[in-house]
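The next block holds one structure in the form of structure tokens; read it before the comments.
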Amino acid sequence: MMQPGSLILSTMTRLLLPLQLLFSVFMLLRGHDLPGGGFIAGLVASAGFILYLFAFGVAATQALLRIDPREIAGAGLTLAVLSALPALLYGDPVFTAQWWHPSLPLIGEIKLSSPLLFDIGVYLTVIGSMLTIVISLAEAEE
Amino acid sequence: MLAAVLSGFCLAALVPWLQPRLGARAGWLFALLPAGLTAYFATFLPAVAAGETFRVSYPWVPGLDLELAFYLDGLALLFALLISGIGALVTLYASDYLAGDARQPRFYVLILAFMASMLGLVLSDNLIALFIFWELTSITSYLLIGYDHEAAFARRAALQGLVVTVGGGLALLAGFLLLGTVGGSYTLTELLQHGEAIRAHDYYLPLLLLVLAGAFTKSAQVPFHFWLPNAMAAPTPVSAYLHSATMVKAGVYLLARLHPALGGTEAWILLCSLFGGVTMLTGAYLAVRSTGIKWVLAYSTVMALGTLTMLAGIGTEKAMIAFGAFLLGHSLYKGALFLVAGALDHEAGTKDILEMGGLRRAMPITAVLAAVSALSLAGLPPLFGFIGKELMLGAVLNAPFLAPLLTAMAVATGALVVAAAGAVAVRPFFGPPARTPKTPHEAPWGMLAGPALLSALSLLFGLAPGLPGEGLISATAASLAGEPVHAHLALWHGLNLPLALSALAVAAGVLLYSQWGRVRGAMNRLEALDARGPEAGYERLMAATTRLAERLTRILQNGYLRSYITTTVLTLVGLVGYTLLTRYEGGFAGGLDVRFYEWVIAGLLVAAALFACSTRSRLGAVASVGVVGFAVALFFILFSAPDLSITQILVETLTVILLVLVLFKLPDFMSFSTPRQRLRDGAVAGLLGVLVTALLLIAVHYQFAEPISAYHLAKSVPLAHGHNVVNVIIVDYRALDTLGEIFVVALAAIGVYAMIKYPGGPGHRTDEDESAV
């Protein structure tokens, strides 16, 4: 079994995890136009946390996450289901994509949409599911 | 009318919330709903008596042409009044009968849901809706019989009732589908207009047999009668309501309802009157044989159901009037007698008639009520049961077929029923006081109100038969006949043959009762026949089903992953391969444009796969499986699918990590299979490879329809505002599919979590195993 406490691994992880998470959000948001999307971004983020798990162990990872990964998966599923509903408000069939273009001061116009919400749901579900599996396996190991 | 049906379901849904807030007297308030419904239905009486009918319909599933239509005529109104009226009395009764029972809320939920289902059944004008309500009554009946779910006999009885009635329900569904096809409509009122066409159709006989199978199982006709007495495991209010006054009459209701469409043929008359007659006699015979008060009543209910089926079969005008009168009379006296039986059980603590005696001193009111209703059961004047029985005898004497046989059965039944009535109403209350498990005293008024009202109605309708006769009974008979009928009911029809037969039956019955002990002794000697009876057949069928299921499970679910995979693969190869060989006539795509580096990656892929199969090192196997995955990812890149490729690479990475995590859990790498087995597995794998390759080559060669990718590419930006078509497909075009997939992902995670956190079974790892690793 891997030994937590390897200096090189832990130092690298401290630097890499934020970058990986940032990268995963980047992949998530650009997914609609360029390669990326919720699945890929979720896998990238999970890989980051798993690296952290290898470097610091289960307890530290759980402390970092703060939330039980099963709840992350649940939140993701809920969000995905909720994203089906705005269509009903506008009288469209369920899951019809809805787009909003609010403009914010300084930033300018941004594109919000129900598919984006859905993709975030996918993202969270993938992270939650992957981490549930890996953390339970790692716990069984310890 | 929709509100009338649905209100029961709504209140049932609210009961668990209301009950704790209303306290011990909740039942009284719940009884207000059925009481209100009774009043509501009663307002239809004058119009229905005048020959009017009502029909309302609501669109339900417009896409499937399903509508929720309700139809109220004499027959439906008679049933609706019985259902809601007795429902109110039973709900009131239960609040005392079940006082202090922690499961009371469950009882009210089920009884109200049942009431609503039953109302829906008798009011539906659509075959499919009727069938759904029909099955709902079976399910609520199952739950109510199994109310005392910790008792094994209650569970068995509940399952038996369910299997028999739902088994019949399946036949009924098939019958309804045939009926709908033959008659060209699923609307009852339309079908009733096309009776002649239906009866002349080639499918008439199979259709009739299927519908009768459904009706006979539900209404406990011989040979399906055995489930009804066993259903007495339910609390007594349930027996009074479901298994005497209402649900078991659903089958009879259906016969009456479909009579204008299906009745009148030789097959109908013979089947219904024979099955009905035999059931009538069997029920009466078994009633006299029993000593449990609820069993006596249950078998006499079987008798009544048989009589009603027989009358629906005979189908003359007299029989139709007798049907209405007998139905009403039976519901009144049988409901009352069951409630009296419940009171005896509740206050004296026993259900066995032989343990009771002289209770009239302790329970005078109960005794009077029992006597009145039992006189009606025995068919003695001046009670309504007498009128029903006289009409029945008159109808039987003039039956178109088998009149002498049916008359003989009816007279014998009459005699036996008189004896059974004596067993229920004379034996417990008269004679020397017996020592009962509880010191008997009069039941609380909530438990007396129901039987008192029902007994009073038996007496009132007996004295003034025109009251129900001119209106409701005539309208009911008219529903059966499909044309107006005028019934004239009277207590005194003059000295005629039915009266003479009645007198004969009563005299014989009194004689039978005076010798009850000896008669029972003689009957018990025949009990050995039960081992060859239909109930034993049911038991054998159930046991055989279990054995078959066990054997199949052992073959199909043998617990070896490899045999599941082998079965799946071979089935796929067999079915698809067979279709390809026999149906496919085109060629295969030849001259594929393959580049040099594509050959290299393909070669790498094959080499890695071969290595994974043959290596002796587990880590090596994991790594080479990884190589296979990355090689596939390379292909995705070559064919410009970056999204797929990124996903594949990430999945491969995580898979390797997961494998490494479990690697240490696994026992030493060993070879479990013989070379022969490996050869076999290799052959199976090879077959699948060949099949998939062939399929791909064909798929490339053939283009059945315009590919959808062009549409996706064209519409991606204007419709979905996205340039990445793959992502647009995932989150927009096919979002519903993706939703399903992420649910599967989460479920898989929960599965792994459960497997690791809650180990159990023979493969459970202990701490010792851990340290050994």
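Listing for the model above:
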{"quantity": "A:Gly57, sole failed condition from (1) more than 22 Å from B:Gly722 (Cα to Cα); (2) more than 12 Å from the chain's Cα centre (by Cα); (3) within 12 Å of another protein chain (Cβ to nearest Cβ); (4) surrounded by 15 or more Cβ atoms within 10 Å (Cβ to Cβ)", "calculated": "(3)"}
{"quantity": "Residue list for the stretch B:720-747, restricted to those being more than 20 Å from A:Ala87 (Cβ to Cβ) and at the interface with chain A (Cβ under 7 Å from one of its Cβ atoms)", "calculated": "B:His723, B:Asn724, B:Val745, B:Ala746"}
{"quantity": "Failed item, numbered, when B:Val717 is tested on (1) within 14 Å of chain A (Cβ to nearest Cβ); (2) under 49 Å from the mean Cα position of the chain (by Cα)", "calculated": "(2)"}
{"quantity": "The listed residue being in contact (Cβ under 8 Å) with a residue 12 or more places away in the chain, at the interface with chain B (Cβ under 8 Å from one of its Cβ atoms) and either more than 19 Å from the chain's Cα centre (by Cα) or surrounded by 14 or more Cβ atoms within 10 Å (Cβ to Cβ) (or both), out of A:Asp119, A:Asp33", "calculated": "A:Asp119"}
{"quantity": "Verdict on B:Leu208 being touching an Asp or Glu at 6+ places or on another chain (Cβ under 6 Å) and either crowded, with 24+ Cβ neighbours inside 10 Å or touching a residue at least 40 places away in the same chain (Cβ under 8 Å) (or both)", "calculated": "no"}
{"quantity": "Filter result for the condition that a residue is within 21 Å of B:Val660 (Cα to Cα) and surrounded by 13 or more Cβ atoms within 10 Å (Cβ to Cβ), over A:Gly76, A:Gly48", "calculated": "A:Gly48"}
{"quantity": "Hey, A:Thr78 among the polar types (S, T, N, Q) and more than 8 Å from chain B (Cβ to nearest Cβ) or not", "calculated": "yes"}
{"quantity": "Condition broken by A:Tyr52, with the remaining ones in (1) touching a Ser or Thr at 6+ places or on another chain (Cβ under 7 Å); (2) within 12 Å of chain B (Cβ to nearest Cβ) satisfied", "calculated": "(2)"}
{"quantity": "Out of B:Gly342, B:Gly394, B:Gly329, sole residue that is closer than 18 Å to B:Leu460 by Cβ and either assigned to a helix (DSSP H, G or I) or basic (Lys, Arg) (or both)", "calculated": "B:Gly329"}
{"quantity": "Residues of the stretch B:591-612 satisfying the condition of being surrounded by 13 or more Cβ atoms within 10 Å (Cβ to Cβ), under 13 Å from B:Val625 (Cβ atoms) and either among the small types (Gly, Ala, Ser) or out of contact with any helix residue (DSSP H, G or I) (no Cβ under 8 Å at 6 or more places or on another chain) (or both)", "calculated": "B:Ala607, B:Ala608, B:Ala609, B:Ala612"}
{"quantity": "Extreme residue, farthest from the other protein chains (Cβ to nearest Cβ), among residues of the stretch B:650-676 that are surrounded by 13 or more Cβ atoms within 10 Å (Cβ to Cβ) and in a loop (DSSP other than H, G, I, E, B)", "calculated": "B:Phe669"}
{"quantity": "Residue among B:Leu580, B:Leu592 that is modelled with pLDDT under 90 and in a loop (DSSP other than H, G, I, E, B)", "calculated": "B:Leu592"}
{"quantity": "Hey, B:Val411 surrounded by fewer than 22 Cβ atoms within 10 Å (Cβ to Cβ), farther than 25 Å from B:Glu347 by Cα and β-branched (Val, Ile, Thr) or not", "calculated": "yes"}
{"quantity": "Any hit, the stretch A:93-100, residues being at the interface with another protein chain (Cβ under 10 Å from one of its Cβ atoms) and in contact with a strand residue (DSSP E or B) (Cβ under 7 Å, 6 or more places away or on another chain)", "calculated": "yes"}
{"quantity": "Some residue of the stretch A:2-16 being touching a residue at least 12 places away in the same chain (Cβ under 8 Å), of a type in the set (A, V, I, L, M, F, W, C) and under 26 Å from B:Ala633 (Cα atoms)", "calculated": "yes"}
{"quantity": "From B:Leu713, B:Leu695, residue being farther than 22 Å from A:Met27 by Cα and either touching a residue at least 12 places away in the same chain (Cβ under 8 Å) or part of a helix (DSSP H, G or I) (or both)", "calculated": "B:Leu695"}
{"quantity": "Selection from the stretch B:212-227 of residues that are surrounded by fewer than 24 Cβ atoms within 10 Å (Cβ to Cβ) and not in a loop (DSSP other than H, G, I, E, B)", "calculated": "B:Ala213"}
{"quantity": "Qualifying positions in the stretch B:597-649 - outside any helix (DSSP H, G or I) and hydroxyl-bearing (Ser, Thr, Tyr)", "calculated": "B:Thr615, B:Ser617, B:Ser640"}
{"quantity": "Candidate set from the stretch A:122-142 (those that are surrounded by fewer than 20 Cβ atoms within 10 Å (Cβ to Cβ) and more than 7 Å from chain B (Cβ to nearest Cβ)); member that is farthest from B:Leu654 (Cα to Cα)", "calculated": "A:Glu142"}
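So that you can scan it fast, the table gives a plain yes or no per residue for (1) part of a helix (DSSP H, G or I); (2) among the hydroxyl-bearing types (Ser, Thr, Tyr); (3) more than 29 Å from B:Met409 (Cβ to Cβ):
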| residue | (1), (2), (3) |
| --- | --- |
| B:Glu442 | no, no, yes |
| B:Leu457 | yes, no, no |
| B:Ser474 | yes, yes, no |
| B:Pro498 | yes, no, no |
| B:Glu527 | yes, no, no |
| B:Glu535 | yes, no, no |
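Matching residues to (1) among the aliphatic types (A, V, I, L, M); (2) touching a helix residue (DSSP H, G or I) at 6+ places or on another chain (Cβ under 6 Å); (3) under 18 Å from A:Ala63 (Cβ atoms):
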site: A:Ser6; (1), (2), (3): no, no, no
site: A:Thr13; (1), (2), (3): no, yes, yes
site: A:Leu16; (1), (2), (3): yes, no, no
site: A:Arg30; (1), (2), (3): no, no, no
site: A:Gly38; (1), (2), (3): no, yes, no
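The values are calculated or read from the model by the stated rules, or taken from the named source; none is laboratory data. Values in this document were obtained by computation on a predicted structure and should not be read as measured data. For neighbour counting, all protein chains shown are included, and Cβ atoms are generated from backbone atoms with ideal geometry for every residue, glycine included.
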